Each structure stands twice: as C-alpha cells, then as structure tokens.
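*Asks:* Let me give you the structure first, and then I'll get to my questions.
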Amino acid sequence: MRIGILALQGSYFDHQNYFSHLNIETVLVKEPKQLEEIDGLVLPGGESTAMRRLIDRYQFMDKLKEFCNKKPVFGTCAGMILLSKVIVDNPTHIGVLDVRVKRNAFGRQVNSFEETINIEGIGNVEGVYIRAPYIELVGDKVQIIGKHNDSIVAVRQDNILATSFHPELTEDYKIGNYFINMIDKHKKEE
Ligand code: GLN
C-alpha cells in the first residue's frame, strides 16, 4: 500500500513521519501524474488558499477531483476545507465533500488547542487544532463521526475522511490506522 501526501504547502512532512510510524510507504505528491501511483491520498493542513493557488499553478485540479471521487482521501484542517462543497465566504476548491465548512472557526492562532474527542467507530482520539475549521452543515450522505462541544470536527462520506484537527502532530495513531483500513477495504473491492 502506498499513501500519497499532497506536498505543495503545509504539514506534509508531519504526515510522512506519522505514517512511517505505522510502517506505511508514503509518496510526496508534487506532480499530478503521481496520483496514478498511489492507493490513498492525504490532503494536509496548512493554508487552503495558498494550496489552491499551487493546485492551479501545477494543473492539479482535474486529476485531484477524479481521484477524490473514487479513491480513499483523508483531509486534515486545510485539507478538509479543500474537499468541502461550500466554504463560508470563500470559493469552492475541490468540492467533493457535501458539507458547509467555516474557516478559522475556533478563532485565531492564539486560540489553538489540543483536545481528545470521541470518534464513532474509532474511540478517543487526540488532535491538535490550529486555526481550525468546523463543519456547520452536512448533506444526507455524510456521517458525522466526531464533535468538539457542538461543533462538527470529523466526518466520513464514502471514500472521504475529513478532520478539523491534526492527528499527525500527536502520537495517537488511531485515525491513521482507520484510514489505512479504508484503503485496505477499497483495494479489496476494486
Ligand atoms: N486556517 C487554515 C485555512 O483556512 C487552516 C489551518 C490549518 O490547516 N491548520 O486554510
């Protein structure tokens, strides 16, 4: 199994490090054609607007949409924003996840925090929230799997997993294992 990590901007090295602890081979995806060589894709945290500019500059969008429509994808923080169909006060990017997301919804950098929440089907999961978004509204096919107080911070829609927080900045590998299982299942069904 090879997991690709979109490596245009943001915390892609942390994801590589995170999955290396799980003995998974990762590929830093810097060119669209690399999407053909991977079984699952991580869209890391960072700055969604900066990532979008680079997605356009390197002509990634069509291939990314195609990938995200059929293969396992995991978006964290800015990655969640990139996937969302509706972004409050911002244009849509990849737009495959049927949710409305609000950027910087927990406040500014000073309001960053670490928190353990219960995720359905996974258990207690530690996460770091850095100028994190939350989801305000979900479509019929979206399963809400985690909340921080009343805010939706983790969702699953078929092949897509998205979290507001960064699991890769912790040593809690449960979310990583969950994503690996999603890929395993998908490979068996292919
Ligand atoms: N605030 C960033 C954005 O809007 C996301 C922050 C993050 O990925 N840690 O894209």
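*Asks:* Please state the shape class of the stretch 1-118: rounded when a/c is under 1.5, otherwise prolate if a/b exceeds b/c and oblate if not, all from the C-alpha gyration tensor.
*Replies:* Since a/c reaches 1.5 but b/c is at least a/b, the shape of the stretch 1-118 is classed as oblate.
*Asks:* Also: Which order do the peptides 36-45, 114-123 take when ranked by the mean count of other beta-carbon atoms within 10 Å per residue, highest first? Each step should come with its number before you reach the end.
*Replies:* Values: 36-45: 22.7, 114-123: 14.0.
Descending packing order for the listed peptides: 36-45, 114-123.
*Asks:* Ok, one more. Non-local amide H neighbours of Ser112 (under 5 Å, H modeled in plane, Pro and chain starts lacking H): which ones?
*Replies:* Sorted by chain and number, the residues that satisfy this are Arg131.
*Asks:* What FRET efficiency, computed as 1/(1 + (r/R0)^6) with R0 = 25 Å and r the Cβ-Cβ distance, is obtained for Lys174 and Arg108, rounded to the nearest 0.05?
*Replies:* Numbers: r = 29 Å, r/R0 = 1.14.
After rounding to 0.05, the efficiency reads 0.30.
*Asks:* Express as a percent, rounded to the nearest 5, the fraction of DSSP beta bridges in the chain (both residues included) that run antiparallel.
*Replies:* Restricted to the chain, the bridges split so that about 55 percent are antiparallel.
*Asks:* Another question, if that's okay. Compute a Gaussian network model of the chain, connecting alpha carbons closer than 10 Å, and tell me which residue from Pro167, Pro32, Pro72 fluctuates the most.
*Replies:* Among Pro167, Pro32, Pro72, the largest mean-square fluctuation in the Gaussian network model of the chain belongs to Pro32.
*Asks:* Enumerate by residue number the chymotrypsin sites (Phe, Trp or Tyr not before Pro) in the stretch 35-125 meeting two conditions: DSSP loop (anything except H, G, I, E, B), and at most 16 other Cβ atoms within 10 Å of the site's Cβ. Provide the component values of the computation, followed by the final result.
*Replies:* Working: sites: Tyr58, Phe60, Phe67, Phe74, Phe106, Phe113; in loops: Tyr58, Phe60, Phe106.
Here the sparse-neighbourhood loop sites are Tyr58.
*Asks:* Sticking with this one: Pull up the cross-link candidates among the lysines for Lys65, meaning alpha carbon to alpha carbon under 17 Å and not fewer than 8 places away within one chain.
*Replies:* Straight-distance partners of Lys65: Lys30, Lys33, Lys85.
*Asks:* Using +1 on the beta carbon of Lys and Arg, -1 on that of Asp and Glu, and nothing else charged, what's the dipole of the chain about the Cα centre, debye to 20?
*Replies:* 500 debye
*Asks:* Same structure again: Any idea what the relative contact order of the chain is, in percent, if you count C-alpha pairs under 8 Å spaced at least 6 apart? Before the final figure, lay out each step's value.
*Replies:* On the way: 415 pairs, mean separation 36.5, N = 190.
Relative contact order of the chain: 19 percent.
Bear in mind these aren't lab numbers, they're just calculated from the coordinates by the rules spelled out. All values reported here derive from a predicted model rather than from experimental measurement. Here Cβ is always computed from backbone atoms with ideal geometry, including for glycine, and neighbour counts include all displayed protein chains.
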